[in-house]
Amino acid sequence: MQRSDTFRSLITPETRFCGRATEQLLSRSGSDIGRRHRTGRPVHGAALSSCPVPASAPNATRETLVEHGLAALLEVTPAQLVSAVGLKDVARRAGVGVTTIYHHFGNVEGFANAIVARVFDPDAFPSAGIADLIGEITAGRFPFEEAKVLHGSDLERLSHDPELRLRLGLWAFGGPGVQEAYRSFLRATEEPLQAQCAAMFAAWEREPQPPFDLASYVAAQVALTVGASVRHIVDPERMDADRFARAGAALTTALTRTSGDPRTLDDRLAEINYYPLHAARARSGTPRQQASRTRLLEAAAMLFARDGHEETTVPKIAKQARVSTSTAYALFSSVEDVAVALLQHQAADHLGPSGVAPSDPLAALLHVVRRVAAFFTPRVGFLAPYGQRLLVGRVAKDDAIVSVLTDAVFTAQEQGVVRADVEVARATLVLGGALVGAVLTRPARGADGAVEEFRALLLPGLLSPQGLRELLTASD
C-alpha cells in the first residue's frame, strides 16, 4: 500500500479532522489528503487527539503524524488560535455580529493582538492583598511563620487566577511577539514587589546574597510560584500550599544574608555541605593535603583573631594560606568546620597532662573545668560553632576537650561526688556547651567567671549528696 493510500484509510465516516493545525500536519506529511480536506466539504467535530487510527496503520506512519503534529503546534500563532475558536462563536458570546469584530479590529490578527494585550496587561493582574501581607511582615524580625503565610497566600491567589492558563498557553504557542509581551508583563508586575521587598529586607536588616540582586531575587520567587501553581493545579497532593510556603520561605532564607555580610551565595552553599563527598575523601589526607590543612588552620587562626568568625570566609582563608579555594573546600566544608578543627587542634596541645591535680575529687573536677574555660576564653572569636556542635553531639571521637571533661566527670562519679544515675557522655556535652555559653555571653569575666557560673547553675544538678556537702563546705 502506498503512503497516500495509507492516509486515505484513516478517513472513515466516523473520523473527522478539523482546524488549521491538522491541515498543516497533513500537508507536511506529503499526502494529498490535506489538499482534499482544504478543497472538499468543510468538516467539524473531534480533535485530532480523539480521532481513531486503524490498528493496521504502520507504526512509522503514526510516528510521522505525531512528529509533524508537534511541529505544526510549535508554529501556531494567536490569530490561528482565535480562528480555531471561531469568530462566529466569539460574536455570539458578545451578542454582536461578526462584522462588528472586523469593524473594531480590522482583521483576525488585529483581534488576536488585542486579546494578547489584554491577557498581558499588568493592571489587570490580581495582585490585591500581596502588598498588605508583605507590609504586615515587614515590621517583624525575619519571621518564618509570617513568611510562610505570605508564600502560601501567593500560591492560592495565582492558582485561582483564571488567566494563568491563558498566559502560559499564549506564551507557549504565540511566538516571539507573545514572548516579549510576557516578559514585559513579568517585569511590570515585579517592579512594585521589588520596592516592597526592599522595605521588608531593610526592616529585617537583610539583603540579597550575590550574585542575586533585588530584581533577580523577586524573579526567582515569581518563577517558583508560577511553576508551583501549575503543579498545585494538576497535582495538589504533591504540591500543596503548606509545602510550597516552606519552599518559598526557605528560598528567601537561602538567597538573603545579614546586611554587610561579605559572604556570597556560593559561600553559603559550600557551608551547608555543598561539597560533602570531597570533604570526606580529603580528610583522610595525603601528606600534601595534610600540609595544606596545616597552612589553612594557621591562616584561619590569624584571620579569626583579626576579623572574627563572622567576617571570615573559606575563600579568605584559602587566599591567606596560598591554597586554592577548591582544595580548601575539599578539606573543610564550611568556615564553621575550619573553626572547630582549629579549636580541636589547639586543644590537643593545651589540654594535655597538667602535672599534679588536686587530690580532692570535687576540686579535681573544678580544676579541669577551669582549665577548659581558660582555654576557651582567648578564642571567643571562633568559639560559637564548637559550642553548637557540642550541644547536638556532633563532635569527633578523639576530641581533646570532650575527652578531658569526660575523664574528669567519670572519675568524680567513681569517687561518689557525681550522682550514679548521671549519663557521663551526655553530661560532658552539656558541661562543655555551658562553658562555651558562659565565655561567649560574658567574656570580660574570663575563666573564673565561667567557673563560678558553672558552680552556681549546673554543678548542683550533677552532684551526689556527698558532692553537695563538699560543695557547701568549700563555699563556706
Give the aspartates and glutamates reachable from Lys316 as a straight Cα distance under 13 Å; neighbours fewer than 8 places away on the same chain don't count.
Asp267, Glu298, Asp307
Rounded if a/c is under 1.5, else prolate if a/b is larger than b/c, else oblate: which is the range 177-221, with a ≥ b ≥ c the root eigenvalues of its Cα gyration tensor?
oblate
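When N counts the residues of the range 364-442, how does its alpha-carbon radius of gyration compare numerically with 2.2 N^0.38 Å, as a ratio?
Numbers: Rg = 12.3 Å, N = 79, 2.2 N^0.38 = 11.6 Å.
Compared with the compact-globule rule of thumb, the range 364-442 sits at 1.06.
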As I understand it, the dipole of the range 352-475 uses +1 on the Cβ of Lys and Arg and -1 on the Cβ of Asp and Glu, about the Cα centre. Which of Thr473, Gly352, Thr441 lies farthest toward its positive end?
Thr441
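Counting other Cβ atoms within 10 Å, which trypsin sites (Lys or Arg not before Pro) in the range 292-337 have at most 11 and lie in a DSSP loop?
Those that pass, being in a loop and sparsely packed, are Arg322.
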May I ask which residue of Val368, Gln413, Val338 lies farthest towards the positive end of the charge dipole of the range 328-453, with charges of +1 (Lys, Arg) and -1 (Asp, Glu) on Cβ and the Cα centre as origin?
Val338
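Any read-out appearing in this document is the output of simple, stated calculations on the displayed coordinates, not a laboratory observation. For clarity, every value in this text was computed on a predicted model and none was experimentally measured. Cβ: placed from backbone, ideal geometry, glycine included. Neighbour counts: every protein chain shown.
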